[in-house]
Amino acid sequence: MQLSSLRTEVLRMARRAHAAGLMKGANGNFSARDPGSGLIVITPSGMPYDVMTEADLVVIRPDGTVAEGDRRPSSETPMHTHLYRTLPDVHAVAHTHSPYATALALLGRPIPPVLPEMIKLGEEVPVAPFALPGTPELGERVAETLRRTGARAALLQAHGALAVGRDPEEAILRALDLEEVAMVYVLALQIGDPPNLPSDTFQRLREVYGLSGR
């Protein structure tokens, strides 16, 4: 994929997340990797999404150094680059501060397998242990959590939420699904204790939709 097309997709991903209320102002960050060159397009640091243009996006190398762009890349660049280095099937990352998912992250509370649509996220949504934002340790803990559980989304303890995908479209759809699932789960907790789905539910869903693995 040409970097110009990747810029368009990353900006679209960020704007969709912002329009859906997954974060305010300049919070959150988004990126996508070009499988051919290994270069990564990432949102800049500290810039509101409602004024961001493609020219503001930054192209970085796998080690996080800037290849193209005049702005400073996201402060969470170490997390993004670590995810790409250690999860070869991941080519897009959406990190948000969506309200319901972040509320659960503050409590360190994972989302159990309570809804069929969670198959898109990897059945349950785990919590990655806390690490300071902007540090390599955060990327290490998120990557390990995703690798250990097979999930494609995670809550970042006392921080926010994250979804990954094979492309920007898949990543943003998972980020939107994650917040929807988190909202329903939080609302259900106000009434009672929502039960987990039967243990064979996701295997049956995989068979119905022709999916393999988690």
Rounded tilt (10° steps) of 136-149 against the dominant C-alpha axis of the chain: 40
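Can you pull a Stokes-Einstein diffusion coefficient for the range 151-214 at 37 °C (0.692 mPa s), Rh from Kirkwood over Cα pairs, as a whole number of µm²/s?
Values: Rh = 13.7 Å.
This corresponds to a translational diffusion coefficient of 239 µm²/s.
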Relative contact order (%) - criterion: Cα under 8 Å, at least six apart; region: the chain: 20
Alpha-carbon centroids, the range 23-89 and the range 131-196: separation in whole Å: 19
Equivalent ellipsoid semi-axes - Cα gyration tensor, the range 86-198, angstrom: 21, 16, 12
Cα long-axis angle, helix 77-86 against the chain (0 to 90 degrees, to the nearest 10): 70
Residues with amide H under 5 Å from that of ARG72, placed H, sequence gap 5 or more: SER45
Most mobile listed residue (MET47, MET13, MET23) in the chain, GNM with C-alpha springs under 10 Å: MET47
Phi to ³J(HN,Hα) by Karplus 6.51 cos²θ - 1.76 cosθ + 1.60 over the range 116-121, Hz, x for Gly, Pro: x, 5, 5, 4, 5, 9
Dipole of the chain [Lys/Arg +1, Asp/Glu -1 at C-beta], most positive-end residue of GLY210, THR96, VAL186: THR96
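Under unit Cβ charges (Lys, Arg +1; Asp, Glu -1), what dipole magnitude, rounded to 20 debye, does the chain have relative to its Cα centre? Write out the running numbers ahead of the final one.
Working: 21 positive and 25 negative charges, 27 e Å.
Dipole about the Cα centre, nearest 20: 140 debye.
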Positive-end extreme of charge dipole, the chain - chosen from THR135, LEU176, ALA161 (charges on Cβ): THR135
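Relative contact order for the range 57-128: what percent, with Cα pairs under 8 Å and sequence separation of 6 or more? Walk me through the numbers on the way to the answer.
Details: 51 pairs, mean separation 12.5, N = 72.
That works out to 17 percent.
Bear in mind these aren't lab numbers, they're just calculated from the coordinates by the rules spelled out. This is a predicted model, so every value here is computed, not measured. Glycine also receives a Cβ, built like all others from the backbone with ideal geometry; neighbour counts cover every protein chain displayed.
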